[in-house]
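The values are calculated or read from the model by the stated rules, or taken from the named source; none is laboratory data. In this text the structure is predicted, and so the values were computed from the model without any measurement. Backbone-built Cβ (ideal geometry, glycine too); neighbour counts: all protein chains shown. For accessibility, only protein heavy atoms count, side chains too; no ligands or nucleic acids. Shrake-Rupley method; radii C 1.70, N 1.55, O 1.52, S 1.80 Å.
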Amino acid sequence: MKIEARDLGWRNIVRGVSCEIRPGETFGLIGPNGSGKSTLLKLLAGLMPRAAGEVRLDDVPLGQLTRRQVAQRIAMVEQFADTGEALSVRDAVELGRTPWLSPLSPFGPEDTRIVDEALAAVDMTGMTKRPWSTLSGGERQRIHIARALAQQPRALILDEPTNHLDIHHQLALLGLVAALPVTVVMALHDLNQAMMCDRLGVMSEGRMVACGAPSDVLTPDTLGRIFRVRAMPMTDPEDGSTLFRFLPMEEPR
Amino acid sequence: MTRRAALVALTLPVLPRVGLGAVLLALAVLAGVIVGETALPLRLVGDVLAVKLWGAERALDPIDAGILWSYRLPRTLVAAACGAGLALSGVVLQALVRNALADPYLLGVSAGAGAGAVSVALLGIGGGAIGLSAGAFGGATAAFVLVALLARAAGGGPAQLVLAGIAGSQLFNALTSFLIAKSANAEQARGLMFWLLGNLSGVRWPDVTMALPVVGAGFLVCLAHVRPLDAFSFGSGAAAALGIAVRRVQLVLIAAVTLMTATLVSLVGSIGFVGLVIPHAVRLLVGPRHARLVPASALAGAIFLIAADIASRVLIPGQVVPIGVVTALVGAPGFALILIRNRRRA
Amino acid sequence: MPFPLSSALRGAVLLAAPLFCAFPALAQTEYPLHLSNCGVDLTFDAAPVRTVTVGQAATEILYALDLGDRVLGTSVWFSAVLPQFETVNAGVPRLADNDPSFESVVALRPDLVAVQYEWHIGPQGSVGTRDQFADLGIPTYTLPSDCEGKDNSVGSDGTRLAPYSIESLYQGIDELARIFDVPERGAALLDDLRAREEAAIDAARALDLGDASAVFWFSSAEMDIDPYVAGQGGAPAYMMEALGLRNIIDSNEEWPVVGWETIARANPTVIVLARMDRRRFEADDVERKLDFLRTDPVASQMDAVRHNRIVVLDAHGMDPSIRNIDALETLSAALAGLDLQ
């Protein structure tokens, strides 16, 4: 699904962002803390009230869709989503089917299959009965991803999905997301992980200051300006890919 | 799958449970009708029902038959409706504001009802033509509107709603205390407290025709929103992301809950404990998913309040204990047992 | 044998009686007068001349003793003053319809405060405690009808340990007459009250009531709710006992709340309704009480309702007061007019 942002804004947190995310691509959003990444993601999912500008999903203005229709197209995984309810792992993932269910189309065998697949995708098949309160942060994060997958969206919006995950599950998740046939937009902190995206948008003070292929965007110059680090590109001798090593910025004397 | 097939698939597996619930409820109503201040023979139940419902010819003692048909049956039915309505309100508010301490009176409805009833009784509003019930309903509605406006002005989130509810409740409770301190004597204060603590003794058929439709409609509204209520588990943001029209759902559910609670408070006073604890107890028994929680809470609330009403009539012979006292006295230890049992199982 | 004179007329006769009494039957009060009143020892050096009353029953006893000129202020009114006292009452300032404030009482510099109920002036008095008044040198006199055989520290209206006795009312009249140095007026009032009481009782006993029973309905917090009815403790129980009616209510409280179910099952022979000016509950209105009895599906089936054996009495006559005798007469006369067989 194509996602188009036209002059998107929300108060002073996000200002005049326009970009086009192509069908099927994995789009990474990077930027320092407080640069407006999370807000932009919510704007793209139509979750912010009184937003300026417009979002189009496959050329349909988001404002013309009901919340339910939006949720059938876009799944969102926010940071810090928690619950006090004694939900089981399966309960939480089943919530993902909500936009597809109604009193006349209740939860059926097809939905069970979709939920099973989503659980398998995040490697949680054996833990379906575990109560939410007993899960670690990483496990909870994987359940949120599974819930989003169970929503069977055409676009997945993830806010720092690798948070809380150990390195194995970080890589597994990024691999999973990259392999999905859907459009993925995600905010990332780890710039080396961002290198795995098809394209990147760089946020700074509410504006998207750069957008393009990782190699075009992640230049030592941009990184120095936006992130205030000294980045040293290195080449992996095994596959020739570029890695960064980060050092503190030398203060100008 | 056709619609019809979908409906069959939806209803078939739950039919036995619905049946079981209906049987339990019927047994509770029967107990509520038989047990009371004075002893009535079980045979009388069949006779009265035969006469009233099928027009059969039976010789009945008019007072016994009247007590059964005109006092106890409506009283038991209203107790059931009241228990179900309060439990449902608790379920809905606990889900919407994501606070385990939320109860049906959270939004100032009970405090408003008290202030309204006391105004009628002590300020002579309506000159005796308006009953406490009408005053209570007016007060409950006024308090809720005030709380809703305040919450909206404060930003409109669940936390603001809870805080506005507390402020509103305090204000109306203070108003009640002020009116009582200003103008009531001991006998009146007793009368009002008795009424405010909850009292089913004045219930007649007209109250049934108020309570049952309102609670029935509220139940259907809640039942139609079981998925949205589930979706609120991770907060209103997550609910929106799952396709829930958050504002509309909140508005519909809170309106339903307020209408139910205000109606019930105006009919029988503010019976505590049911709306707070029944949802938690039922959650421990059937889990947090609202598809089960909503009907199970309604059933448990109904049966619990019928039982509490029976207890209030027989606990002290010849005297009726306020039902709100019974719900807490009987309910608190029961809830403690469920808590402990649940810990062992976990 | 019903006495043809109305009670109001007889009251007027009674008031005039002492004036024509040439030979006082009783000696003058000797001061200082020592008195034990509701657990407090009182000493009077002279008859009080500046009295404040808290409670209509106390006020009306003083009026009945023709002491209206020594009352500076009244308070706590439940209904209009008895008609025979309208003139004297018009000349006395009313401090408050309900509870007066402590200071408004004290400001009149009374040398006696006469009290009907301990809930106003007593250990937890809403106006003040007796000690508070004593500290200012103001003696308080509480009608014995509110403390003899009654524990006011239990229950919101107090709890009667022994049934109300009309003798406690007579004791109050006697003691007030002595305090005010008008013993002959007290004796005359008591003679009259006792005579009327006896006449009313004799008239009722002559009716051969058999196992006739009754219930006194005071009011209800809501129209259909369990009503306040007279228990075994209060003045109505005394009236029923005196006239030979069985009270269907067993509770020892003065005004317990009892379900209609229990009342209907007991099926009393006579129903007595309280008439009052108060309009705080719907059921305060005696017409609403009658409506209820005639329309409620169960209450309307009671024999008393079907045969219209309903008597209306002044509510204040059901509290301990000289009106008890008026009420007793009214009830006795009404019983004679009912078809009780």
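Using the alpha carbons alone, the radius of gyration of region C:91-154 stands to its Kirkwood radius in an Rg to Rh ratio of 0.96. Note on residue B:23 and residue C:151: their simple-model spin labels are 5.1 nm apart, each label 7 Å out from Cα toward Cβ. Taking other residues whose beta carbon is less than 10 angstrom from the beta carbon of residue A:157, and scoring Lys, Arg as +1 and Asp, Glu as -1, yields -1.
Spin-label pair residue A:235-residue C:295: with each label point 7 Å from Cα along the Cα-Cβ axis, the two points sit 9.9 nm from one another. Each Lys or Arg adds one and each Asp or Glu subtracts one; over the other residues with Cβ under 11 Å from the Cβ of residue C:63, this totals -3.
With R₀ set to 22 Å, the beta-carbon distance separating residue C:103 from residue B:177 gives a calculated FRET efficiency near 0.45.
A Förster radius of 51 Å combined with the Cβ-Cβ distance from residue A:129 to residue B:167 puts the calculated FRET efficiency at roughly 0.75. Between residue A:215 and residue A:192, the simple spin-label model (points 7 angstrom out along Cα→Cβ) gives 2.0 nm. Among the residues of B:61-71, the average count of other protein chain beta-carbon atoms within 10 Å of the residue beta-carbon is 6. Taken residue by residue and averaged, Cβ atoms of other chains lying within 10 Å of the Cβ of B:240-251 number 6. Over the residues of the protein assembly as shown, the helix contribution to mean residue ellipticity at 222 nm works out to -15500 deg cm²/dmol, using -39500 (n - 2.57) for each DSSP H run of at least 4.
For region B:218-292, chymotrypsin sites (Phe, Trp or Tyr not before Pro) are listed when DSSP marks them as loop and at most 10 other Cβ atoms sit within 10 Å of their Cβ; the list is empty. The trypsin sites (Lys or Arg not before Pro) of region A:29-100 meeting both criteria, a DSSP state outside H, G, I, E and B (loop) and at most 10 other C-beta atoms within 10 angstrom of the site's C-beta, are A:50.
Evaluated with a Cβ-only charge set (Lys, Arg +1; Asp, Glu -1), region C:31-181 carries a dipole of roughly 160 debye about its Cα centre, given to the nearest 20. Rounded, prolate or oblate, given the Cα gyration tensor of region A:30-160, with a/c below 1.5 counting as rounded? Here region A:30-160 falls in the oblate category. Note the angle between two axes, namely the Cα long axis of helix C:183-205 and the longest principal axis of the Cα atoms of chain C, as a number of degrees from 0 to 90, rounded to the nearest 10. That works out to roughly 10 degrees.
Our estimate of slack between residue A:13 and residue A:68, defined as 0.36 nm per intervening residue step minus the Cα-Cα distance, is 17.1 nm. Over 53 Å apart: what share of the alpha carbon pairs of the protein assembly as shown falls there, rounded to a whole percent? The answer is 38 percent, as a whole percent. Shown here for region A:193-242: trypsin sites (Lys or Arg not before Pro) in loop regions (DSSP other than H, G, I, E, B) with at most 16 other Cβ atoms within 10 Å, namely A:228. Size estimate for chain B follows the Kirkwood approach: the inverse of mean 1/r over distinct Cα pairs works out to 21.2 Å. From the square roots a ≥ b ≥ c of the eigenvalues of the alpha-carbon gyration tensor of region C:71-177, which class results: rounded (a/c under 1.5), prolate (a/b over b/c), or oblate? Oblate. For the residues A:164, C:120, a 1.4 Å probe over the protein chains yields an accessible-area ranking, largest first, of A:164, C:120.
Its convex hull of Cα atoms gives region A:34-106 a direction-averaged projected area, equal to a quarter of the hull surface, of 7.0 nm². Given R0 = 60 Å, the distance between the Cβ atoms of residue A:102 and residue C:303 translates into a calculated FRET efficiency of 0.50. Interface residues of region B:132-168, defined as those losing at least 10 Å² of solvent-accessible heavy-atom surface relative to the isolated chain (probe radius 1.4 Å), are listed as B:132, B:133. The convex hull around the C-alpha trace of chain C, projected and averaged over every direction, spans 16.8 square nanometres. Each Lys and Arg Cβ is given +1 and each Asp and Glu Cβ -1; about its Cα centre, region C:209-337 then shows a dipole of about 280 debye.
Farthest towards the positive end of the charge dipole of region B:78-345, among the residues B:312, B:231, B:331, is the Cα of B:231, using unit charges on the Cβ of Lys, Arg, Asp and Glu.
Considering only B:199, B:251, B:170, and ranking their Cα positions along the charge dipole of chain B that arises from unit charges at the beta-carbon of Lys, Arg, Asp and Glu, the one farthest toward the positive end is B:251. Here region A:1-75 is treated with +1 on each Lys and Arg Cβ and -1 on each Asp and Glu Cβ, and its dipole about the Cα centre works out to around 320 debye.
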